[in-house]
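Peer 1: Would you mind keeping the following structure in view while I ask a few things?
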Protein chains: 2
Amino acid sequence: MSKIRLALIQMKMLSEKKKNIKNAVSKIYKAKKKGADIICLPELFLTNYFCQTEKHSNFNLAEKIPGPTTDIFSHLAKKLKIILLLPLFEKRTSGIYHNTCVIIDEKGKIKGKYRKMHIPDDPQYYEKFYFTPGDLGFRSFKTSKGNLGTLICWDQWFPEAARLTAMKGAEIIFYPTAIGWHPKEKKKFGKSQLNSWLSIQRAHAIANGVFVAAINRTGIEKQGSKKLEFWGNSVIFDPSGNIIKKAKFTEQILICDIDYKKIETVRRHWPFFRDRRIEYYKDILKNPIDA
Amino acid sequence: MSKIRLALIQMKMLSEKKKNIKNAVSKIYKAKKKGADIICLPELFLTNYFCQTEKHSNFNLAEKIPGPTTDIFSHLAKKLKIILLLPLFEKRTSGIYHNTCVIIDEKGKIKGKYRKMHIPDDPQYYEKFYFTPGDLGFRSFKTSKGNLGTLICWDQWFPEAARLTAMKGAEIIFYPTAIGWHPKEKKKFGKSQLNSWLSIQRAHAIANGVFVAAINRTGIEKQGSKKLEFWGNSVIFDPSGNIIKKAKFTEQILICDIDYKKIETVRRHWPFFRDRRIEYYKDILKNPIDA
């Protein structure tokens, strides 16, 4: 097995969980019809991006894993014989919540989960209020359709995260994401921000000789006087950093054929792993010097 | 002092050291006339890219640091009151040679040197035959015109190198480089290779909130039946990863104004250093798992 078909579900989220589940399920059926083996949903796909504000009642949106949503999608994965990457707001226990991605295999079994390691906190992205930073480390999951590495959104700005996930054996690194423009910043910085986001993920593909898939939500989400425009642009890079496919701004199911053999070829020609100077990397475990 | 002017000397190398020195000196004068404070030359600028073949007599091209070439350029730096980054083939002792970058300050004093840490070895890039991997670690040099980090060519594919150099305080990371196309590969892979090279360096600027400057040689160099086409395209990225200026394929002095204040602004808005999970990065010091 070296060839698989991937589907990234770029979605617009509504305020009702049920509607988002319905939308996701319907798109998963469509993706399966097109032959997808592995399907990935965007970060926190069950809800609007509630982190725009700090509101204690939003913790009601979290749920246990396994729980009602994983039950629905485990059943679906088994029925359709697909592998699912399901990003959820996880309730671990009272007072501890995570931004999590669950891997469900084609038998409907939960293979494991990844808890977002790097938590942002920016105006309208108040994630540090909601999510305890992950404590499961960086992960890759061996499935019947390849080794799938899981990172989430903000993790994408950290080369260490991509490196560590690739070194665990990941052949594809997935980044379920919720990234967009502040309406005030879009005109001046919008293009540059989107380009930076594409560039950094492209570089992870190149540096690590892996496929990289970013799955973003789309659409404008208002919360009171606050507003964010999620920019879509879900994308898949090959291990040389070439774009295989990229979505636009609207809802879209991005279907893409992956040939894992490409990893071997690329790493033979660009053998970066051969030349790492691991004995000189110790200071990576520190913070920058005081300047 | 927050604003400085930078010059990257994109050069075509000839087979005679003297001619390359003459060309470099003449271009340094021109750059100074245009107000450059800091001037960087390409990797191994004294010679053709001799690593196209493995030839013991090529070790004759190496020299001591300090030595005849640093003497010439120390004198020049003092005379013109400029900071120079001078990439040389260093003879450390019999049997140990390095691919080195020397930093000379505006008083003509050698501030220090960096020895290339990651050594490539590819057909026609037989660097492992010539260069012992650096043992000085990753470095940034405090100068009157800012903190200058030095990496060399192949280092550019390693996110660890950029991260460690930035964490030492570098405000600009310099990559003197000798990269080009194999004539056989150019048609099929040329565009993708050049784009990957630009992307990975762009990502270092973004991930670390620093300026990144890559200085490449240009021109076709033949050695017997072997040939490489060095692709120029020297480039400077700002700390958001935007291209400030980029050269084409011919000889060019790339002049660029840098405002270090931009680093503070970018890092306030994209505070990646704040969120690193250093306690979970230990496996960076290992090689990938056996697959």
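Peer 1: Residue by residue through segment B:177-203, note down the ones that are closer than 23 Å to A:Y281 by Cβ and in contact with a helix residue (DSSP H, G or I) (Cβ under 7 Å, 6 or more places away or on another chain).
Peer 2: The answer is B:T177, B:S196, B:S199, B:I200, B:Q201, B:R202, B:A203.
Peer 1: Answer yes or no: is there a residue in segment A:243-259 that is open to solvent by 20 Å² or more (accessible area, probe 1.4 Å), free of Cβ contacts under 8 Å to residues at least 12 places away in the same chain and within 10 Å of another protein chain (Cβ to nearest Cβ).
Peer 2: No, every residue in segment A:243-259 fails to be open to solvent by 20 Å² or more (accessible area, probe 1.4 Å), free of Cβ contacts under 8 Å to residues at least 12 places away in the same chain and within 10 Å of another protein chain (Cβ to nearest Cβ).
Peer 1: Looking for whichever is surrounded by fewer than 19 Cβ atoms within 10 Å (Cβ to Cβ), under 25 Å from A:G209 (Cα atoms) and at pLDDT 95 or above here; the options are B:L164, B:L194, B:L228. Which one fits?
Peer 2: B:L194
Peer 1: Right, here's the next one. Among all residue pairs at least 6 apart or on different chains, which show Cβ distances below 6 Å where the first residue, located in segment A:210-237, is at negative phi and the second is part of a strand (DSSP E or B) and among the acidic types (D, E)?
Peer 2: A:I220/A:E229; A:L228/A:E221
Peer 1: Would you tally the residues in segment A:50-66 being within 15 Å of A:T100 (Cα to Cα), open to solvent by 80 Å² or more (accessible area, probe 1.4 Å) and in a helix (DSSP H, G or I)?
Peer 2: Of the residues in segment A:50-66, 0 are within 15 Å of A:T100 (Cα to Cα), open to solvent by 80 Å² or more (accessible area, probe 1.4 Å) and in a helix (DSSP H, G or I).
Peer 1: Would you be able to tell me the number of residues in segment B:102-118 that are within 13 Å of chain A (Cβ to nearest Cβ) and in contact with a strand residue (DSSP E or B) (Cβ under 7 Å, 6 or more places away or on another chain)?
Peer 2: Count: 3.
Peer 1: Hey, could you check segment A:99-114 for residues that are open to solvent by less than 20 Å² (accessible area, probe 1.4 Å) and part of a strand (DSSP E or B) and say which is farthest from A:K168 (Cα to Cα)?
Peer 2: A:N99
Peer 1: Among the residues of segment A:164-195, write down those that are in a strand (DSSP E or B) and either facing chain B (nearest Cβ under 8 Å) or farther than 30 Å from A:K226 by Cβ (or both).
Peer 2: Of everything in segment A:164-195, those that are in a strand (DSSP E or B) and either facing chain B (nearest Cβ under 8 Å) or farther than 30 Å from A:K226 by Cβ (or both) turn out to be A:I172, A:I173.
Peer 1: Check segment A:53-65 and report whether any residue there is among the hydrophobic types (A, V, I, L, M, F, W, C) and more than 19 Å from the chain's Cα centre (by Cα).
Peer 2: So far as segment A:53-65 goes, yes, one or more of its residues are among the hydrophobic types (A, V, I, L, M, F, W, C) and more than 19 Å from the chain's Cα centre (by Cα).
Peer 1: Cβ-Cβ under 6 Å, sequence separation 6+ or interchain: first residue in segment A:152-163 and more than 7 Å from chain B (Cβ to nearest Cβ), partner among the hydroxyl-bearing types (S, T, Y). Which pairs?
Peer 2: Filtered contacts from segment A:152-163: A:C153/A:T177; A:Q156/A:Y175.
Peer 1: For segment A:15-47, what are the residues that are crowded, with 18+ Cβ neighbours inside 10 Å and outside any helix (DSSP H, G or I)?
Peer 2: Hits for segment A:15-47 are A:A36, A:D37, A:I38, A:I39, A:C40, A:L41, A:P42, A:E43, A:L44, A:F45, A:L46, A:T47.
Peer 1: Report whether or not A:S199 is buried (at least 18 other Cβ atoms within 10 Å of the Cβ) and closer than 24 Å to A:Y125 by Cβ.
Peer 2: Yes.
Peer 1: Within segment B:119-136, work out how many residues are over 20 Å from A:R267 (Cβ atoms), open to solvent by less than 40 Å² (accessible area, probe 1.4 Å) and more than 10 Å from chain A (Cβ to nearest Cβ).
Peer 2: 2
Peer 1: Please find, within segment A:232-291, the residue that is nearest to A:Q156 (Cα to Cα) out of those that are part of a helix (DSSP H, G or I) and among the β-branched types (V, I, T).
Peer 2: Applying the filter and picking the extreme gives A:I284.
Peer 1: Let me spell it out: the conditions are (1) free of Cβ contacts under 8 Å to residues at least 12 places away in the same chain; (2) closer than 24 Å to A:D37 by Cα, and A:R277 meets all of them except one. Which number is the exception?
Peer 2: A:R277 satisfies every listed condition except (2).
Peer 1: With respect to the numbered conditions (1) surrounded by fewer than 16 Cβ atoms within 10 Å (Cβ to Cβ); (2) in a helix (DSSP H, G or I), which one is the sole condition not fulfilled by B:R92?
Peer 2: Evaluating B:R92 over (1) surrounded by fewer than 16 Cβ atoms within 10 Å (Cβ to Cβ); (2) in a helix (DSSP H, G or I) leaves (2) as the failure.
Peer 1: Here's something else I'd like to know. Would you be able to tell me the number of residues in segment B:137-151 that are of a type outside the set (F, W, Y), in a loop (DSSP other than H, G, I, E, B) and at the interface with another protein chain (Cβ under 10 Å from one of its Cβ atoms)?
Peer 2: Residues that pass the stated criteria total 1.
Peer 1: Out of segment B:268-283, which residues are open to solvent by 80 Å² or more (accessible area, probe 1.4 Å) and either facing chain A (nearest Cβ under 7 Å) or among the charged types (D, E, K, R) (or both)?
Peer 2: Within segment B:268-283, B:R268, B:R274, B:E279, B:K282 meet the criteria.
Peer 1: Does segment A:8-23 hold any residues that are touching a residue at least 60 places away in the same chain (Cβ under 8 Å) and more than 13 Å from A:P176 (Cβ to Cβ), and which are they?
Peer 2: Listed by number, the list holds a single entry, A:K12.
Peer 1: I'm trying to understand the selection: among the residues of segment B:24-43, which are in contact (Cβ under 8 Å) with a residue 60 or more places away in the chain and out of contact with any Lys or Arg (no Cβ under 8 Å at 6 or more places or on another chain)?
Peer 2: Within segment B:24-43, B:K27, B:K30, B:A31, B:C40, B:L41 qualify.
Peer 1: Given the conditions (1) under 26 Å from A:G137 (Cβ atoms); (2) not in a helix (DSSP H, G or I), and given that A:T69 satisfies all but one, which numbered condition is not satisfied?
Peer 2: Failed condition: (2).
The values are calculated or read from the model by the stated rules, or taken from the named source; none is laboratory data. Values in this document were obtained by computation on a predicted structure and should not be read as measured data. Counting neighbours? That spans all protein chains shown, and the Cβs are built from the backbone with ideal geometry, glycine included. Accessible surface is based on the protein model in full, side chains and every heavy atom, while ligands, DNA and RNA are left aside. Shrake-Rupley method; radii C 1.70, N 1.55, O 1.52, S 1.80 Å.
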